[in-house]
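A quick write-up on the structure given underneath.
The values are calculated or read from the model by the stated rules, or taken from the named source; none is laboratory data. None of the values given here were measured: they were computed from a predicted structure. Because the Cβ atoms are built from the backbone with ideal geometry, glycine has one as well, and the counts that use them run over all protein chains shown. For accessibility, only protein heavy atoms count, side chains too; no ligands or nucleic acids. Shrake-Rupley method; radii C 1.70, N 1.55, O 1.52, S 1.80 Å.
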Amino acid sequence: MSPVRMGAARAGVLALMLALSAAGTASAQNLTAYSRLAQQLDAAAAAAGQDSLATLKQLDAAQAALSELQPTLSSAKLSAALQDTLNAVRAAQARTPAELQAQVQLARGLMRKALYDQTMNLLATTPANGSDHLKLLARELGVEPASVQTDVQAGHLNRAAWKLQQSATAKLQAALGSVQAQQSGAAYLNLARAAGWFTVVQDAARSVDPPLKPEQFSLALTQLSGGQLGELQGSLRSLRGGVAALSTSLKTPAAQTDSPVKGAVSSGKPPVSVPPAPSPATSSPATPPRVSPATTPGANTGATIAASLPRTAGADAAYASLGRALSATTRADLPAARRALQDALTALTKAPAALRNAPGYGALVQRVKFMAGRAALRPADVQALIGDLSTLEARQAGKSGSVMTALASGTALALGGGVRAMLALLLALVCAAPLYLLNLAFGGKNPFWRAISAALLLLLLPTLAEGLLGFLGWLGDTLNVPFLRGLLALTPGQSAFGVPLRMLITALALGLATYGFRGLCVQFGLLGGRRPAGPRPAPKPKQPDQTSFDWDEEL
């Protein structure tokens, strides 16, 4: 993985420091939206690099789930950080699978941290309302739910929290142990996974000496993407030493703290706390033990790290908007696609000077403007813009763009909108000529010629559908008729379903053609033995009103 490609995922680490503050009052999360968000993000990571359109649909579903989850999050900073991270996931989808998976790991870390904070606060104030939260949190952190629920029911909330952090630390240690000091996608993904798990135990990590800090993960990711392998080895040794010390400190529960949950908020220097286990003599189910909530540094720490991260400035937001436009075009939601293209244009115009001064920036801006006003916008048009943006990134890094990307961009500009619709309709109309002539020449009762005619019809069916439906869709978009515009979603080249559908139609056509031509070969005596010798019967005289030549009678 190149430094430019790996650079964007490091931005997700910022979210780990920007928004991990506990709520001042106990509140509950929308667990259904949380589970759906986790499911869609994990599915997008698993399918990364295999089906881009399916991945975009999963990210759309993840965005819908996040929109439902955000009002129930107790931290506005955390809510904004999750949205930024999901935008980074969309941007990474246009780059490499490893980068998308790394961004998902960072997003999942933020989700687990938010669930941990709110669950601990909820259990400390209204334990009866936190049972479902605790079950989900335990599954997320790899702990048996019954174990922590027993502790909570016995009034040992600090012991339950300690078990959860102990499990998260073990996962952090395993992920960090898999990181090799080499510039590869696997090393980058494992380091991002470790950073995600560190999110949950970030506060406990401040208790070790020296404290384990988020900036160390950010620095290691910077060194990995920059190819500074010598410095990376030192950073990995420091991180592993800190995680080992953290694991040792969590082997036994610490003493109970007296810091109340209620009213605790993040500050510039948050308190160091490890979830302790209360003494049986001092706690009871009726009086929940008080536990120090997880808190994090303020936004000033995140701003400092942001300034130190080498990124492809300005490209992330544009990639995210183009990804939304691509998803909208696949379902023929062209108004949404145009809005997303306008967002991409805004992101490009607000990009830093480094990107705006790269060769081809002005041409890309003009192409985005042109596509935003094009009728019957198709997925290939947006894909060409994504390729143009990747070329701009390459030029910013001093590299040349792809010839195929430039060819695709030129084709999308020249052949699209009304031009594409008219040409496709013309081809669809021309398809009637060979079908008519075939029926005129060989029409009759011979089943083999009928099979061959059906095969030709099936082979021409994608062209017919593209021409007729594409033209009607273009007409509907031009006249603003949603029903006709929606027909674009049924064209073969619109989305991923067209590929297996065309393969199925082609297979049926091949089967019919094989059946028909084999039958003719048998009639001609080329297969299944020669025809018996003897005089051939005289052909019947052609009737004056006969409009087709019946080959089965001649044979």
**LYS399 open to solvent by 10 Å² or more (accessible area, probe 1.4 Å), on the phi < 0 side of the Ramachandran plot, among the charged types (D, E, K, R) and in contact (Cβ under 8 Å) with a residue 12 or more places away in the chain** = no
**Request:** For SER74, indicate whether it is of a type in the set (S, T, N, Q), surrounded by fewer than 21 Cβ atoms within 10 Å (Cβ to Cβ) and assigned to a helix (DSSP H, G or I).
**Result:** no
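Between LEU437, LEU407, LEU426, LEU392, which is surrounded by 14 or more Cβ atoms within 10 Å (Cβ to Cβ) and either closer than 25 Å to THR463 by Cα or not acidic (Asp, Glu) (or both)?
Numbers: LEU437 fails: surrounded by 14 or more Cβ atoms within 10 Å (Cβ to Cβ); LEU407 fails: surrounded by 14 or more Cβ atoms within 10 Å (Cβ to Cβ); LEU426 fails: surrounded by 14 or more Cβ atoms within 10 Å (Cβ to Cβ).
On inspection, the qualifying residue turns out to be LEU392.
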**Residues located in the stretch 506-523, provided they are surrounded by 18 or more Cβ atoms within 10 Å (Cβ to Cβ) and either within 30 Å of ARG378 (Cα to Cα) or in contact with a Lys or Arg (Cβ under 7 Å, 6 or more places away or on another chain) (or both)** = ALA509
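Does PHE497 count as under 30 Å from the mean Cα position of the chain (by Cα) and aromatic (Phe, Trp, Tyr)?
Yes; evaluated as a whole, the condition is true for this residue.
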**Only listed residue being at positive phi and open to solvent by less than 50 Å² (accessible area, probe 1.4 Å), chosen from GLY155, GLY130** = GLY155
**Message:** Taking the conditions exactly as written (surrounded by 24 or more Cβ atoms within 10 Å (Cβ to Cβ) and either part of a helix (DSSP H, G or I) or in contact (Cβ under 8 Å) with a residue 24 or more places away in the chain (or both)), does LEU115 satisfy them or not?
**Reply:** no
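For residues that are polar (S, T, N, Q) and assigned to a helix (DSSP H, G or I), scanning just the stretch 446-480, find the one that is most open to solvent (accessible area, probe 1.4 Å).
As a first pass, look at the stretch 446-480 and keep what is polar (S, T, N, Q): 446, 453, 463, 478, 480.
From what is left, the residues that are assigned to a helix (DSSP H, G or I) are 453, 463, 478.
Details: SER453: 37, THR463: 50, THR478: 77 Å².
So, considering only residues that are polar (S, T, N, Q) and assigned to a helix (DSSP H, G or I), the one most open to solvent (accessible area, probe 1.4 Å) is THR478.
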**Asked** Has the stretch 153-171 got at least one residue that is over 28 Å from SER131 (Cα atoms) and not in a loop (DSSP other than H, G, I, E, B)?
**Response** no
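Looking at LEU326, LEU355, LEU341, LEU322 in this structure, which one is in a helix (DSSP H, G or I), of a type outside the set (S, T, N, Q) and at pLDDT below 90? Outline the logic, then answer.
Numbers: LEU326 fails: at pLDDT below 90; LEU341 fails: at pLDDT below 90; LEU322 fails: at pLDDT below 90.
Step by step, each of LEU326, LEU355, LEU341, LEU322 is checked, and only LEU355 is in a helix (DSSP H, G or I), of a type outside the set (S, T, N, Q) and at pLDDT below 90.
Quick check on this structure: which one of VAL143, VAL148 is open to solvent by 10 Å² or more (accessible area, probe 1.4 Å), of a type in the set (Val, Ile, Thr) and in contact with a Leu (Cβ under 7 Å, 6 or more places away or on another chain)?
Numbers: VAL148 fails: open to solvent by 10 Å² or more (accessible area, probe 1.4 Å).
Selected residue: VAL143, the only one of VAL143, VAL148 that is open to solvent by 10 Å² or more (accessible area, probe 1.4 Å), of a type in the set (Val, Ile, Thr) and in contact with a Leu (Cβ under 7 Å, 6 or more places away or on another chain).
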**Asked** Restricted to the stretch 195-243, and to residues that are among the polar types (S, T, N, Q) and free of Cβ contacts under 8 Å to residues at least 40 places away in the same chain, which residue is nearest to ALA107 (Cα to Cα)?
**Response** GLN216
**Request:** Taking the options THR252, THR248, THR199, name whichever one is open to solvent by 40 Å² or more (accessible area, probe 1.4 Å), at pLDDT 85 or above and of a type in the set (Ser, Thr, Tyr).
**Result:** THR248
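Restricting the search to the stretch 202-234, which residues are assigned to a helix (DSSP H, G or I) and within 18 Å of ALA170 (Cα to Cα)?
Step one: list which residues in the stretch 202-234 are assigned to a helix (DSSP H, G or I), which gives 204-207, 214-225, 229-234.
The answer is ALA204, ALA205, ARG206, SER207, PRO214, PHE217.
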